[in-house]
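The values are calculated or read from the model by the stated rules, or taken from the named source; none is laboratory data. Predicted, not measured: the structure shown is a model, and the values here were computed from it. Glycine also receives a Cβ, built like all others from the backbone with ideal geometry; neighbour counts cover every protein chain displayed. Remember, those area values only see protein heavy atoms, side chains included, never the ligands or the DNA or RNA. Shrake-Rupley method; radii C 1.70, N 1.55, O 1.52, S 1.80 Å.
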Amino acid sequence: MSVPIPKELHRIQEPERECSYLPDELASLEYRWYLALEPAELEELLSRGWRRFGAYIFRPACRLCKKCVPIRVDIENFQPSKTQRKIIRKNQHITVSLHKATLTQDHIQLYNEWHVDMTERSGWRLQQTNPEDYEEGFLSGNFDSGYELRYFAGDKLVGVGLVDLLPNSMSSAYFYHAPDWRPLGPGTFSLLMEIEFARQQGLQYLYLGYWIEGCSSMNYKNRFEPNEVLPDRPTDQQSPLWTRPDLS
């Protein structure tokens with residue numbers, strides 16, 4: 001049963017710019033700003049293709065392109081593939097625990113090490129965070145749904161996965177990890193652990209954000225099957241129609 005979506009404090013649409021994922025396309029995001037949302041209210045927005053980052057809720061609003069497609073995993077029917085089972089075995093030494101999202105010096109250090117590695121590896125613009133920036137970017141607003149999965153190798157923090165824990169679903173928001181963990185597939189492993197924690201909570205879906213078929217850094221999401229996609233951008237008053245993706 002759906003719940004009413006409250007009015008946001010502020011709503012804007014950014015000017016068109018070159019798309020970060022598909023350079024031949026023009027991109028624009030629509031933002032809604034909330035000081036707080038109940039978990040059920042946020043879930044209603046997620047079901048319509050919105051995402052949360054701190055106090056901002058956003059989704060694509062591109063005029064000429066709809067290639068960023070919201071995707072979610074069917075938790076009850078999910079079965080890991082042969083490759084995914086192999087990644088689980090490779091990471092048996094990693095312990096994972098669920099906590100309310102927080103901030104420590106270990107978080108800051110790990111995030112900065114990860115970003116330096118991504119800058120060198122993938123050409124990202126170098127970005128370093130501090131407690132104030134991390135708090136504003138990841139922890140701002142009053143959202144009871146905000147949790148994190150912490151990944152440890154022994155007593156060393158090697159990964160943090162920020163998620164929203166909702167009445168019927170979990171939303172995968174952000175993940176960063178130690179650079180020397182990369183050969184063991186931490187990105188895939190983290191999503192498998194999110195699926196498992198969602199299963200333990202009796203949840204129906206894991207929202208993975210946007211799947212972009214033509215982008216190598218975003219097209220991996222449809223490998224977590226079965227899944228559903230939302231091809232349109234329904235309004236708050238419209239019922240979202242999620243479907244199985246057509247991969248023919």
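Only one entry in LEU35, LEU9 is in contact with a Phe, Trp or Tyr (Cβ under 6 Å, 6 or more places away or on another chain), open to solvent by 80 Å² or more (accessible area, probe 1.4 Å), at pLDDT below 95 and among the hydrophobic types (A, V, I, L, M, F, W, C), namely LEU9.
Among the residues of segment 109-125, are any open to solvent by less than 50 Å² (accessible area, probe 1.4 Å), touching a Lys or Arg at 6+ places or on another chain (Cβ under 8 Å) and under 21 Å from ASP180 (Cβ atoms)? Checking segment 109-125: at least one residue is open to solvent by less than 50 Å² (accessible area, probe 1.4 Å), touching a Lys or Arg at 6+ places or on another chain (Cβ under 8 Å) and under 21 Å from ASP180 (Cβ atoms). Taking the criterion of being assigned to a strand (DSSP E or B), open to solvent by 20 Å² or more (accessible area, probe 1.4 Å) and of a type in the set (A, V, I, L, M), the residues of segment 158-191 that qualify are LEU165, ALA173. Cβ separations smaller than 6 Å between residues 6+ apart or across chains give the following pairs from segment 190-212 residues that are over 14 Å from LEU165 (Cα atoms) to residues that are open to solvent by less than 20 Å² (accessible area, probe 1.4 Å) and at pLDDT below 95: TRP211/LYS221. Among the residues of segment 88-123, the one identified as over 19 Å from the mean Cα position of the chain (by Cα), of a type in the set (Gly, Ala, Ser) and either in a helix (DSSP H, G or I) or within 19 Å of ILE195 (Cα to Cα) (or both) is SER122.
Taking into account only those residues within segment 12-32 that are within 18 Å of the chain's Cα centre (by Cα) and part of a loop (DSSP other than H, G, I, E, B), which is surrounded by the most Cβ atoms within 10 Å (Cβ to Cβ)? Filtering first and then ranking leaves TYR21. For segment 202-238, a residue qualifies if it is in a strand (DSSP E or B) and in contact with a helix residue (DSSP H, G or I) (Cβ under 7 Å, 6 or more places away or on another chain), and the qualifying residues are LEU206, TYR207, LEU208, TRP211.
Taken together, GLU148, GLU194, GLU228 contain a single residue that is surrounded by 15 or more Cβ atoms within 10 Å (Cβ to Cβ), in contact with a Lys or Arg (Cβ under 7 Å, 6 or more places away or on another chain) and among the charged types (D, E, K, R), which is GLU228.
Is it the case, given these coordinates, that ARG199 is over 23 Å from TYR134 (Cα atoms), part of a helix (DSSP H, G or I) and open to solvent by 10 Å² or more (accessible area, probe 1.4 Å)? If you could, list the steps in order and put the result at the bottom.
Values: over 23 Å from TYR134 (Cα atoms): yes; part of a helix (DSSP H, G or I): yes; open to solvent by 10 Å² or more (accessible area, probe 1.4 Å): yes.
Here the answer is yes, as ARG199 does meet what is asked.
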